[in-house]
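A quick write-up on the structure given underneath.
Read-outs: derived from the displayed coordinates by stated rules, not from any lab. Keep in mind that this is a model prediction, so the values were computed, not measured. In this analysis, Cβ positions are derived from the backbone assuming ideal geometry, glycine residues included, and neighbour counts consider all displayed protein chains.
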Amino acid sequence: MTSPIIDSHHHFWDPTSGGDYGWLSGPFEPINRIFAPADLRPSLEKNGVTGTVLVQTWNDLGETWDFIRTAEATDFVAGVVGWVDLTDPKLPETLAQLQTSPQGKWLVGVRHLIQTETDPNWLLREDVKRGLKAIEAAGLVYDLVPNLPQLPSCIKTVQGFPNTRFVLDHISKPEIRNRGFDEWATLIREFRSQRDHVWCKLSGMVTEADWQSWTPGDLKPYVHEALEVFGSDRCLFGTDWPVCLVAASYDRVVDALQECLKDLSDSEREKIFGLNAIEVYRLPEFWERNA
């Protein structure tokens, strides 16, 4: 049996729906349109992708409900990382409603766009910590999506929640275009002691590089550092489609990561391209037969 390939990070959106998509302007104007399952399917089929993880795009509970319904109706969506209000005292009830709904099995994780918060230590607030305890109790993953200023709070958070599964999105978005390796690497190495419960997505890199001139060689030092810190059993393949389209096609994102990982063994690549996502998110259609 061929090892499954899981794209652990992509989005759908409809800018006409009233969501918070104001950022789809300026250089992002080319992707200011509807992106739906039918738009992604050809790229998945061409690259042999078995399943995907659909990730929230704005801090809205309604989108979470929409996404788990989308997962129920879409054969390739294997799990959803949604949004809930971590500061809501009624969060346990909200999570219970989501998880016991007819589409509840598709909710595998939660994240909050912490880089939009004015406080870089937002994650360390007591009300947020209570929310993280509820996420842990519900058996869900928490996705961390920081820029560099929020990274120290992410490090403290994973240290404070050793029994929660965390996923670091987009290798924490280093400034590849500005050769921001050293400052990023110093911080990312702090996760080494937490690798038993923290995974890292090798995603989102092309939009942090120079959109017009990047090459796989620009990404390789960051990928190799992430592998050094987390290991091949804690890194995940993800495309960040359709955000990636401003800098690269779906195919080119896949090819670039394959180039960065070409020196790894087949078993290591199988983990990164699929098995690790199944493990951390416990994807319901894959978990039991691959655990």
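Tabulated values for the structure
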| item | result |
| --- | --- |
| Cα gyration tensor category, rounded, prolate or oblate, for segment 43-89 with a/c compared to 1.5 | prolate |
| Convex hull volume of segment 6-290 per residue (C-alpha atoms, cubic angstrom) | 125 |
| PHE28 versus HIS197: modelled label distance in nm, points set 7 Å from Cα along the beta carbon direction | 3.2 |
| Relative contact order (%) - segment 183-250, alpha-carbon pairs under 8 angstrom, separation at least six | 46 |
| Residue among GLU228, GLU45, GLU270 with the largest mean-square fluctuation in a Gaussian network model of the chain, springs linking Cα atoms under 10 Å | GLU45 |
| Label-point separation, GLU72 to HIS224 (7 Å along Cα→Cβ), nm | 4.8 |
| Rounded FRET efficiency, nearest 0.05, which uses the C-beta distance separating ALA38 from GLU259 and R0 of 35 Å | 0.75 |
| The chain: relative contact order in percent, alpha carbon pairs under 8 Å with at least 6 residues between | 20 |
| Vicinal HN-Hα couplings computed from phi for segment 119-132 (Karplus, 6.51 cos²θ - 1.76 cosθ + 1.60; Hz; Gly/Pro x) | 8, x, 9, 3, 4, 8, 5, 5, 5, 5, 4, 4, x, 5 |
| Chain lengthening between THR186 and GLU117 when straightened (0.36 nm per residue, less Cα-Cα) | 22.5 nm |
| Cα-based Rg and Dmax for segment 13-151, where Dmax is the largest Cα-Cα distance (Å) | 15.9, 46 |
| Amide N proximity, segment 1-42 versus ASP266 label position 7 Å along Cα-to-Cβ, cut-off under 19 Å | 1-6 |
| DSSP-defined antiparallel bridges as percent of all bridges, the chain, nearest 5 | 5 |
